[in-house]
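Here is the structure we will look at, set down as structure tokens.
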Amino acid sequence: MTVHGLRHTHSSILFSMGASIKDVQARLGHTDIQTTMNIYAHVKKEEKKDTADKFAKFMEN
């Protein structure tokens, strides 16, 4: 694994554990939060489904 790959994995784990974008930004040493958001913040399939399920549940009420 490359160093860049390790950074991606590290940030993915942090996000999956509930770390905020600001926490990950600081951890990775980014001065611009857009770098963190555009390169390291990814939405996983499970998260997309969870969001869709939450919306569907909201619409049922």
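Computed values, structure above
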| quantity | calculated |
| --- | --- |
| Filter result for residue 56 (at pLDDT 85 or above and over 14 Å from the mean Cα position of the chain (by Cα)) | yes |
| Residues (surrounded by 15 or more Cβ atoms within 10 Å (Cβ to Cβ) and either outside any helix (DSSP H, G or I) or of a type in the set (Asp, Glu) (or both)) located in the range 24-34 | 30 |
| Within the range 36-53, tally of residues that are loosely packed, with under 10 Cβ neighbours inside 10 Å and among the basic types (Lys, Arg) | 1 |
| Single residue of the range 29-53 satisfying the filter (within 13 Å of the chain's Cα centre (by Cα) and aliphatic (A, V, I, L, M)) that is farthest from residue 5 (Cα to Cα) | 33 |
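The values are calculated or read from the model by the stated rules, or taken from the named source; none is laboratory data. Just so we're clear, the structure is a prediction, and the values are computed from it rather than from any experiment. Backbone-built Cβ (ideal geometry, glycine too); neighbour counts: all protein chains shown.
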